[in-house]
């Protein structure tokens with residue numbers, strides 16, 4: 001053990017030595033081996049997917065087994081895009097940015113301007129070839145100001161999860177799943193009345209209201225990045241969102257609480273990311289059905305998406321080339337097949353089997369999805385938080401829909417100016 | 001008084017401590033004021049001058065203002081609560097004759113103090129869970145309506161305050177209990193001979209006698225409520241819904257590490273120094289007249 | 001709130017307050033204080049599926065260790081425990097190394113600026129640590145100590161104002177005759193410290209070491225900022241990761257099992273040291 005520590009010190013310098021002296025040594029003692037290192041280029045892959053058998057780990061492992069002269073090291077951090085962004089910034093400030101980072105789509109502009117994410121096409125000769133594997137629509141989602149900020153990796157979309165046991169118990173027809181919110185609210189009212197269960201839960205964030213705003217014909221930010229979430233169409237969409245609460249069908253709770261509630265069988269339905277299906281199924285015994293997110297009566301659906309892309313933050317050529325090797329592997333059917341087990345959607349052109357139960361999400365993808373809102377400028381992240389806070393005020397009844405959206409628009413406009 | 005001589009010994013003995021507090025507390029405190037006038041561009045690793053702009057935009061920010069108001073509420077509620085309730089419990093314990101019982105009570109009350117903020121946080125997260133949590137299960141089984149607790153903007157702050165109280169009252173209790181035990185018996189007995197009842201004795205003799213401890217806890221409790229509540233806030237509510245349970249320290253954390261605006265965060269830190277310095281000064285003034293040193 | 005049981009003082013004093021009422025009040029306060037932790041233990045030993053059923057029973061109907069096994073599989077809990085141990089031992093030891101000589105000097109030496117310097121050190125107790133956060137964070141990042149345990153440990157040692165204050169009080173109690181005798185025997189200051197002061201103040205030093213260990217074990221914000229890799233985290237901040245990981249969904253059983261693992265070491269140490277800690281407070285004369 002001591003020998004490992006000493007030799008690591010020689011190779012890794014101060015940081016390595018301290019890591020080994022600290023957690024590294026502890027880890028090595030506990031799991032019986034030191035961190036494996038080879039003479040190859042080693043790249044850090046920063047992500048927030050935890051668990052040794054998570055598809056992210058499986059993809060990294062499969063890549064390393066190819067022995068391409070590059071060793072990918074999985075670095076799982078935190079649970080939020082902010083947490084991994086903080087890590088990346090610390091790395092950049094210390095002159096050692098992580099080679100590859102999963103970046104939320106909403107942070108694309110921040111990744112480009114503040115983190116210095118590289119245009120994939122400029123990262124090496126293979127850049128364009130890697131991008132060839134993806135659907136052109138999806139490439140558009142990761143293009144910021146003309147630069148392709150990474151490969152579209154995790155794509156998901158909000159869908160309706162229904163507890164079919166309650167649905168049937170309420171005497172509702174399993175074949176007639178509502179396609180409009182208006183119809184949904186009527187049926188869920190029946191469910192709530194018949195079963196005594198809470199009817200519905202939405203996530204209180206920027207994402208699900210965006211779906212309502214867009215399905216009503218509005219937008220959160222326009223194509224020029226200007227806030228327009230207080231348009232009459234947006235207000236109409238948001239009214240429909242909050243209607244679930246005013247009709248007594250929805251008691252707004254936190255995301256974790258909502259998932260617990262659904263898993264506990266205390267909810268008739270919820271709207272959340274299609275990527276959560278496998279996790280939820282693994283822990284529940286009742287029948288779950290995923291349906292397309294219902295639209296608004298008489299309006300054209302325009303559903304949104306979310307998730308993350310793999311960005312290259314490496315500054316030097318060697319690391320960039322090594323990072324590109326990894327992205328190249330991620331674009332292969334082999335890697336994508338492993339990855340789809342998460343419940344994220346297939347962003348590539350490859351024909352791959354659809355995971356069971358994901359029909360609704362794939363249908364929604366086939367209809368065409370808009371990207372997650374990219375919050376531009378140096379204060380984009382602040383603008384995002386301000387917007388979410390106004391959504392929360394509206395949902396909790398401390399602002400009317402019109403006033404809240406106006407409040408958000410004014411605050412966001414100030415920050416993006 | 002006997003005092004050791006030794007030319008440089010004393011200086012050598014205090015050197016590590018002096019260096020540590022200078023390098024890691026006073027210097028950063030001064031640097032913080034410096035940083036508050038700059039903007040740190042991480043990518044280019046440059047600091048660019050912003051002047052008082054960070055302060056102006058902070059003071060202009062409604063989230064800052066609600067964090068400041070919440071901080072005032074936390075202080076106004078928690079500082080008296082964390083002093084009065086433990087004081088009452090300490091007085092009650094004083095009247096328990098059984099030493100084993102006293103020790104057991106003391107031990108139990110102190111336990112939340114050694115529970116980390118995150119453990120306290122997840123334990124209460126579980127208690128507050130609106131669907132399967134203990135509190136709502138209990139309420140609903142008794143026929144009352146459950147609450148949304150942490151998701152309810154009117155309740156989140158009070159939930160955080162309650163957990164902070166649970167976590168913090170034991171420390172003050174131990175200090176009060178120790179101080180009360182230390183009051184010389186003769187003083188109490190003399191008062192008893194004068195026919196003073198428990199209430200009069202407490203008011204006239206015991207409380208004044210432990211006033212130095214009360215002063216000490218007043219100062220430390222303000223710091224604890226300012227600083228350490230951030231752990232509870234982070235695990236329970238992350239400041240939400242819409243900043244309704246945030247405080248200044250959590251606001252600072254979000255500015256720096258969620259939105260990466262280090263300059264503004266440093267400005268917030270400077271304002272916190274000013275607030276705490278003012279509160280401490282007030283306490284010195286308030287206690288000056290009453291603190292009774294033996 | 002459920003946490004605040006308020007044993008009310010009678011309008012007219014102690015005569016009326018019978019011992020029974022006092023015990024009842026103290027007992028209610030004790031139950032309310034302990035209950036959330038008991039509930040945590042209950043959940044930790046309840047099969048995870050059953051945590052989604054409403055239940056008010058204090059004893060798990062089908063007690064199991066499965067959550068503990070699962071916790072280690074879901075998150076690197078073993079690393080977290082080890083990191084917590086390293087960080088806490090290092091900080092406690094570091095604080096003692098810095099505080100003991102300083103407290104000795106302030107208690108038994110006469111030198112210029114002594115009281116002034118003492119005020120400088122004790123004054124740190126009135127400074128909220130967040131005001132040092134940003135410059136220290138930037139320094140740690142620039143020195144490449146980000147995501148290292150050293151980055152957590154070193155700056156934390158500096159918060160030793162309370163330790164010095166507390167130890168100075170206890171060192172003062174050491175009879176001066178003992179010190180005088182040692183000096184007459186030709187002992188230097190260091191030997192006087194090691195052979196007279198420390199052995200005569202062991203309970204105080206022990207209880208302060210335990211308190212420093214516990215406060216380091218529970219450190220939240222600073223490690224949260226500095227440690228990022230999941231294997232580098234301490235238990236205290238790992239729990240937050242565990243609690244908010246929506247990828248893994250809601251695993252209350254394993255989460256509470258991890259919380260139990262985080263609490264047990266602190267509880268054990270406290271159980272052993274409780275007497276010393278309480279006695280030390282009684283004798284410290286904090287005023």
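Tell me, what are the semi-axes, in whole angstrom and largest first, of the equivalent ellipsoid of segment A:218-289 as set by the roots of 5 times the Cα gyration tensor eigenvalues?
31, 16, 9
What are the radius of gyration and Dmax of chain A, computed over its Cα atoms and given in Å?
22.8, 72
Please give the per residue volume of the convex hull enclosing the alpha carbon atoms of the protein assembly as shown, rounded to a whole number of Å³.
So the per-residue hull volume is 176 Å³.
Students often check this: by mean Cβ neighbours within 10 Å, which of A:153-165, C:134-146, B:61-73 ranks highest, and how do the rest follow?
For the peptides A:153-165, C:134-146, B:61-73, the packing ranking is A:153-165, C:134-146, B:61-73.
Just counting partner chain Cβ atoms within 10 Å, what average do the residues of peptide C:219-227 show around their Cβ?
Details: counts 4, 10, 10, 0, 0, 9, 5, 1, 4.
Rounded to a whole number, the mean comes out at 5.
Over segment B:150-294, what is the mean sequence separation of C-alpha contacts under 8 Å (at least six apart), divided by residue count, expressed as relative contact order in percent? Can you show the working numbers first?
Numbers: 107 pairs, mean separation 47.9, N = 145.
It rounds to 33 percent for segment B:150-294.
Over the alpha-carbon set of segment B:152-294, divide Rg by the Kirkwood Rh and report the Rg/Rh ratio to two decimals.
Answer for segment B:152-294: 1.12.
Over all directions, what mean area does the Cα convex hull of segment C:84-237 project, stated in square nanometres?
10.0
Shape call for segment A:188-333 from the C-alpha gyration tensor, a ≥ b ≥ c root eigenvalues: rounded (a/c under 1.5), prolate (a/b greater than b/c) or oblate?
oblate
Name the residue, out of C:126, C:64, C:42, whose mean-square fluctuation peaks in a Gaussian network model built on chain C with Cα pairs under 10 Å.
Of C:126, C:64, C:42, the most mobile in the Gaussian network model is C:126.
Arrange the peptides B:192-204, C:70-82 so that the one whose residues have, on average, the most other Cβ atoms within 10 Å appears first.
The peptides rank, most packed first, as C:70-82, B:192-204.
Can you bin every Cα-Cα distance in segment A:34-102 into 10 Å intervals starting at zero and give me the percent of pairs per bin, rounded to whole numbers?
The distribution over segment A:34-102 is 20, 49, 29, 2, given as percents.
Express the relative contact order of chain A as a whole percentage, based on alpha carbon pairs under 8 Å and six or more residues apart in sequence. List each step's numbers first, then the result.
Values: 739 pairs, mean separation 96.3, N = 417.
Dividing the mean separation by the residue count of chain A yields 23 percent.
Using the number of other C-beta atoms within 10 angstrom as an exposure proxy, rank B:237, A:284 with the fewest first.
A:284, B:237
So for B:169, C:35, fewest C-beta neighbours within 10 Å to most, what's the order?
C:35, B:169
State, in angstrom, two size descriptors of chain C derived from its alpha carbons: Rg to one decimal place and Dmax to the nearest whole number.
When restricted to Cα atoms, chain C yields Rg and Dmax of 23.5, 74 Å.
Order of A:346-359, C:148-161, A:292-305, A:76-89 by packing, highest average Cβ count within 10 Å first?
C:148-161, A:76-89, A:292-305, A:346-359
Under 8 Å for C-alpha pairs, at least 6 residues apart: give me the relative contact order for segment C:70-284, rounded to a whole percent.
36
Dividing the alpha-carbon radius of gyration of segment C:130-175 by 2.2 N^0.38 Å (N being the number of residues), what value is obtained?
1.63
From other protein chains only, count the Cβ atoms within 10 Å of every residue's Cβ in B:175-181, then give the mean.
Rounded to a whole number, the mean comes out at 4.
Any idea what the alpha-carbon Rg over 2.2 N^0.38 Å comes to for segment B:1-141?
Compactness ratio reported: 1.73.
Can you tell me what the convex hull of the Cα atoms of segment C:26-156 projects to on average, as an area in nm²?
Answer in nm², one decimal: 14.1.
Would you mind giving the mean number of other chain beta-carbons within 10 Å of the Cβ of each residue in A:381-393, as a whole number?
For this peptide, the per-residue mean of nearby foreign Cβ atoms is 4.
Over all alpha-carbon pairs in segment C:166-219, figure out the percentage whose distance exceeds 16 Å. Don't jump to the answer; show the numbers that get you there.
Numbers: 677 of 1431 pairs.
Beyond 16 Å sits 47 percent of the P(r) for segment C:166-219.
Using the C-alpha gyration tensor of chain B, what are the square roots of 5 times its eigenvalues, in whole angstrom, with the largest one first?
Working: eigenvalues 287, 197, 61 Å².
Computed over chain B, the values are 38, 31, 17 Å.
Once all Cα-Cα distances of segment B:64-182 are split into 5 Å bins that start at 0, what whole-number percent is in each one?
In whole percents, the pair-distance histogram is 2, 10, 16, 17, 16, 16, 12, 7, 3, 1, 0.
Values in this text are rule-based calculations from the coordinates and carry no lab data. In this text the structure is predicted, and so the values were computed from the model without any measurement. Every residue, glycine as well, gets a Cβ built from its backbone with ideal geometry; the counts of neighbours run over all protein chains shown.
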